[in-house]
Amino acid sequence: YQEVVSLDERSRRFLVKQGHMSSVCQLDLRGMDDALAVISASTDNIEILHGVLDASARAEGIAVNELRPEQWLQDFYDQRKGSGKRAASADQPAQRAGRPRLIA
């Protein structure tokens, strides 16, 4: 008990219990900023995601719910990182269609 209550919330350590056995584990997500941006919903990322999905769907001529990750994911990463391509990538994803993209 004492070990669990003394854990720093930023330590990314947690208790796993199964039956009578338990263990303190650590989940290190360093270097996974892109993946975390997709699965965690910050207000900024949601706004960027909606813009990317809308632009990608228009460029592909399909509905947003028909998009596959390889059609929008790299654009989301680029815009989220503020790479200076925000306006260009949101308005012109079709022009960059030949660029290799990350497939999730």
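Listed values, structure above:
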read-out	value
Test: residue in the range 85-94 that is touching a Lys or Arg at 6+ places or on another chain (Cβ under 6 Å), at negative phi and either modelled with pLDDT of 90 or more or not in a helix (DSSP H, G or I) (or both)	no
Qualifying residues in the range 1-32 (those that are of a type outside the set (Asp, Glu), assigned to a helix (DSSP H, G or I) and under 30 Å from LYS81 (Cα atoms)) - the one modelled with the lowest pLDDT	ARG10
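The values are calculated or read from the model by the stated rules, or taken from the named source; none is laboratory data. Just so it is clear, the model here is predicted, and its values are computed rather than measured. Note: ideal-geometry Cβ built from the backbone for every residue, glycine included; neighbour counts use all protein chains shown.
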